[in-house]
Each structure stands twice: as C-alpha cells, then as structure tokens.
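The structure appears right after this line, and notes come after that.
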Amino acid sequence: MEQIKVLLANIDKPDSTSIDTYMAGGGYEDARKALTTMKPDEVTQLVKDSELRGRGGAGFPTGNKWSFVPKNAPKPTWLLCNADESEPGTFKDRLIIEKDPHLLIEGMIIAAFAIGSNPMSYIYIRGEFYYGATVLDKALDEARAKGFLGKNIFGSGFDFDITVHRGAGAYICGEETGLIESVEGHRGQPRVKPPFPAVIGVFGGPTVVQNVETLACVPLIVRNGAEWFKSFGTPKNTGPKLYCVSGNVKKPGVYEFPMGITIKELIYDHCGGITGDRKLKAVIPGGASAPMLTPDEIDIPLNFDALMKAGSMLGSAGIIVLDESVCIVDAVWRLAKFFAHESCGQCTPCREGTNWLESVLDRIERGEGRPQDADLLLDMSENIGGKSLCALGDAAIGPVISSVRKFRDEYLHHVEHKSCLPGTTRYRRLDMPVAAH
C-alpha cells in the first residue's frame with residue numbers, strides 16, 4: 001500500500017500555517033459551499049454517508065453523533081474540539097495543529113453549522129502544547145480578518161467564532177465529560193452518563209465533542225463527496241487515516257494511509273523495520289491503553305473492527321513498537337504508573353485499583369514478587385474494568401491483562417530469578433523508592 005497525502009497535503013508547503021497558503025489550495029471554499037449552498041441537515045447526512053468514524057479513540061460514527069443533538073433545545077448548542085491528545089504514543093493531532101491549523105478551523109466552521117452551534121466554540125488544547133496554541137491563536141486572528149469567523153460568515157447569516165482554551169496537562173481531560181468540566185472552570189473529572197453531552201453538555205447545553213483529526217476530515221468530505229471518502233479503506237472503516245509510530249522502529253513518525261494498512265506492512269515496509277535489526281516482541285496498536293499484540297498477530301488491518309476482533313483496539317492509532325530487548329514487565333509497570341498518576345480519584349475502582357496495579361508490578365520488578373502475583377494482577381483488573389466511572393480504568397488494565405496472558409513467562413522469571421529475562425533492559429533506576437504494598 002502506498003502512502004497518501006490527503007489530510008497532510010499542506011504540511012510540507014512553505015509557510016504552511018499561513019491563511020494565504022491555505023487559501024491558495026482552495027482553503028475555506030468548502031466552508032463557503034456548506035454555508036451558502038447546503039442546509040445543516042444536508043451536511044450531517046453527507047458526513048453520515050461518508051461513514052466517517054471519530055479518530056479520537058472510540059471510533060463512533062461522526063454523523064450519528066451530530067444527529068443526536070436535539071433541535072430547538074432551550075439552551076445553546078456547543079461544539080468543542082478535543083485537542084488534548086494526551087494518550088501516550090499519540091502525536092498526529094499535534095502535527096495538524098502546528099502545520100495546518102486552518103484545516104481544523106474550516107472543519108469546525110462546517111461542523112458548527114451542521115449542528116447549529118452557539119456563536120462561540122472552544123478548542124481545548126493540552127497545556128504542554130504551548131507552541132500549537134500560539135499557532136492556533138494566530139490562525140484564528142487571520143480567519144477573523146478575512147471574515148471567515150465572526151458575524152454573518154460568507155453572508156450566510158451564520159455567526160461563529162472560536163477560542164483556544166488551554167488545559168493544565170491532565171490525561172483525564174481527554175475524556176469528553178472531563179473536558180467539559182474543565183472548560184466550565186471546574187476540576188477535570190468525568191460526569192456520570194446519562195445524560196450524554198449531546199443532550200446536556202457544557203454550560204448545560206447540547207454539546208458535540210470532536211477530535212482534531214475527525215474535524216480535519218470534514219472539509220475534504222464536503223469538497224469531494226461521501227463516495228470519494230469511502231473509496232479509502234473498507235466499509236465502516238473508511239477514509240484516509242493518520243498513524244503515529246514510535247518505539248523500536250528505524251523510522252518513527254506520522255504516516256498517512258487509507259484506513260486498513262496492516263501493522264506488519266507499516267512497520268517493516270514503511271518504518272524500516274526494527275531498530276538494530278532485532279526481533280519484534282510486541283506492538284501496542286492504539287496508544288498506551290490498547291492491549292498488546294504479539295508478532296504472530298500483526299498481519300491484520302489497522303482499522304476499528306479488525307483490531308477489536310483481535311482483542312485490541314485502534315484507539316488513537318498510536319502504534320508503540322517493542323523489540324526483544326524490552327522487559328515487558330518493566331514496560332507495563334511504566335504504563336501502570338502513568339495511569340495511576342493520571343486517575344482523577346473520583347471513583348473507587350480506578351482510584352484504588354490503578355495504584356494497586358502499579359504497586360504489585362513494582363514489587364515484581366524489584367525481585368519481591370510472589371508466585372500468585374500474575375493471577376492477582378488479572379483479578380485486580382477484573383475489579384477495575386467496566387466498573388469505573390469513565391474509560392480510564394479500562395485503559396489502565398489493557399496492557400496489564402494482555403501482557404500477563406501473552407508474556408506470563410516473563411512475570412514468572414521475575415518471581416523465580418528476581419531479575420528481568422536475560423537480554424532485556426530496565427528503563428528505570430533500581431534505587432528508586434519502593435512503592436507502598
């Protein structure tokens with residue numbers, strides 16, 4: 001499969017963040033077309049027909065999400081862009097923000113028109129993306145100066161503007177209701193659902209939260225049509241897709257392909273294979289929260305349905321490659337430590353469970369593990385998964401469960417020999433403080 005440049009068509013152009021560069025390639029004409037020649041319901045139906053699924057993790061059909069917004073709601077409808085991108089191993093949205101911000105802005109204008117959004121919208125961007133926030137602020141000023149944001153856009157009677165809202169660097173604010181709470185000025189903690197954001201969201205109004213890459217697809221669909229979009233990929237897994245590849249590969253980076261390239265082809269034919277020509281040990285295909293796959297499981301398409309059938313998920317398409325030199329137990333400990341740190345503490349299964357996972361993994365790595373610890377990790381995971389308020393609990397147990405089931409020998413080696421497997425490497429100092437257990 002050959003690489004394509006659809007979503008990333010502008011990023012290599014000189015001065016790619018400039019509105020003049022963007023307009024020279026037809027930028028904002030798709031928003032003009034939608035606002036002046038189409039009705040909101042027609043835009044929504046077009047996106048439905050394209051079978052575009054959210055690129056932020058869940059893969060929910062975008063047009064369906066828009067259609068859930070009630071008509072004539074008593075409070076204003078809101079569009080929020082989720083630019084938090086805090087999933088470890090994921091950096092595709094950052095590329096769009098920093099290299100082609102006007103594509104995102106145009107996508108937001110069209111989406112806001114389709115759902116009947118309030119005249120103000122927010123791009124919620126993680127605090128660490130300081131440079132990206134400055135790029136967006138400049139791009140928004142350029143769009144206002146051209147009349148593409150503000151009052152009566154394109155003479156259509158539609159009023160719309162966008163504000164960049166910087167977060168404080170909390171992973172949980174990537175969850176849509178945690179993001180909503182943060183925008184409102186509260187602590188970033190998820191809400192109980194129902195009610196769902198499409199009915200009662202930010203400031204009590206109907207709210208649609210969409211990921212950066214998802215919104216960037218919208219102008220392309222308006223320009224080229226639903227059938228063009230569906231020509232990429234396979235039914236229910238359509239469109240061009242950005243894949244982030246990191247870890248033990250020779251050529252890490254963001255790659256764009258029609259949705260469905262196999263993991264094996266991506267790693268070996270496009271990323272140059274494994275660093276040092278070592279053997280592959282495991283792949284995490286959808287960001288840190290996705291269950292691991294072994295080398296004999298990677299000849300499958302990188303799409304939502306195929307990975308779910310394989311027991312993992314596409315998630316944010318953050319592909320983390322681990323070679324034979326990596327100690328799986330140590331790698332999972334590092335992920336468990338991250339999720340324990342980022343748990344908001346609102347619900348007991350996640351607050352207590354993630355810390356206990358980290359603690360047990362810590363003692364195994366230190367040579368203090370017990371023969372029953374591998375099964376204990378599975379038992380603890382069962383008491384977290386599906387029982388926490390939001391998806392963070394499920395995210396935390398993905399690497400743990402898959403690693404215990406597929407690399408149990410490494411856990412047992414740590415218990416019996418009080419060390420990592422020969423030839424594998426720890427990534428932390430052994431004199432770090434021991435976690436409580």
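The values are calculated or read from the model by the stated rules, or taken from the named source; none is laboratory data. Small disclaimer: the values here were computed from a predicted structure and weren't measured. Cβ coordinates were reconstructed from backbone atoms using ideal geometry, including for glycine residues, and neighbour counts include every protein chain displayed.
Structural remarks
- Residue pairs meeting the criteria (Cβ under 6 Å; at least 6 apart or on separate chains; first part of a loop (DSSP other than H, G, I, E, B), in the stretch 406-419; second of a type in the set (Val, Ile, Thr) and surrounded by 13 or more Cβ atoms within 10 Å (Cβ to Cβ)): 407/328
- Test for residue 388: is it surrounded by 13 or more Cβ atoms within 10 Å (Cβ to Cβ), of a type in the set (Gly, Ala, Ser) and within 30 Å of residue 179 (Cα to Cα): yes
- Filter pass, residue 193 being over 30 Å from residue 350 (Cα atoms) and surrounded by fewer than 20 Cβ atoms within 10 Å (Cβ to Cβ): no
- Among the residues of the stretch 1-30, those identified as of a type in the set (Ser, Thr, Tyr) and either in contact with a Pro (Cβ under 7 Å, 6 or more places away or on another chain) or free of Cβ contacts under 8 Å to residues at least 40 places away in the same chain (or both) are 17, 21.
- The stretch 282-334, subset in contact with a helix residue (DSSP H, G or I) (Cβ under 7 Å, 6 or more places away or on another chain) and among the polar types (S, T, N, Q), residue farthest from residue 363 (Cα to Cα): 294
- Complete set of residues in the stretch 1-33 that are farther than 29 Å from residue 261 by Cα and of a type in the set (Lys, Arg): 32, 33
- Residue count, the stretch 117-145 (criterion: modelled with pLDDT of 95 or more, more than 17 Å from residue 28 (Cα to Cα) and of a type outside the set (Phe, Trp, Tyr)): 8
- Number of the exception - residue 221 against (1) in a loop (DSSP other than H, G, I, E, B); (2) at negative phi; (3) not assigned by TED's automatic domain parsing to the domain that holds residue 288: (1)
- Scanning the stretch 374-384 for residues that are surrounded by fewer than 19 Cβ atoms within 10 Å (Cβ to Cβ) and of a type outside the set (S, T, N, Q) yields 375, 376, 378, 379, 382.
- Filtered by the rule that a residue be without any contact (Cβ under 8 Å) to a residue 60 or more places away in the chain, under 13 Å from residue 102 (Cα atoms) and of a type in the set (Asp, Glu), the stretch 127-162 gives 137, 141.
- For residue 197, the requirement of being touching a Ser or Thr at 6+ places or on another chain (Cβ under 7 Å) and without any contact (Cβ under 8 Å) to a residue 24 or more places away in the chain is met.
- Residue 344 passes every criterion in (1) under 24 Å from residue 273 (Cβ atoms); (2) touching a helix residue (DSSP H, G or I) at 6+ places or on another chain (Cβ under 7 Å) apart from (1).
- For the stretch 7-24, the set of residues classified as part of a loop (DSSP other than H, G, I, E, B) and either polar (S, T, N, Q) or buried (at least 19 other Cβ atoms within 10 Å of the Cβ) (or both) consists of 7, 8, 10, 16, 17, 18, listed by residue number.
- Subset of the stretch 30-61 that is in a loop (DSSP other than H, G, I, E, B) and among the charged types (D, E, K, R) - its residue that is modelled with the lowest pLDDT: 55
- Top-ranked residue of the stretch 42-74 - restricted to ones that are of a type in the set (Val, Ile, Thr) and under 17 Å from residue 216 (Cβ atoms), ranked as surrounded by the fewest Cβ atoms within 10 Å (Cβ to Cβ): 43
- With a requirement of 2 or more residues that are closer than 27 Å to residue 393 by Cα, the strands (runs of 3 or more DSSP E) lying completely within the stretch 231-299 that satisfy it span 240-247, 280-284.
- Selection count where residues are among the small types (Gly, Ala, Ser) and under 18 Å from the mean Cα position of the chain (by Cα), scope the stretch 262-305: 5
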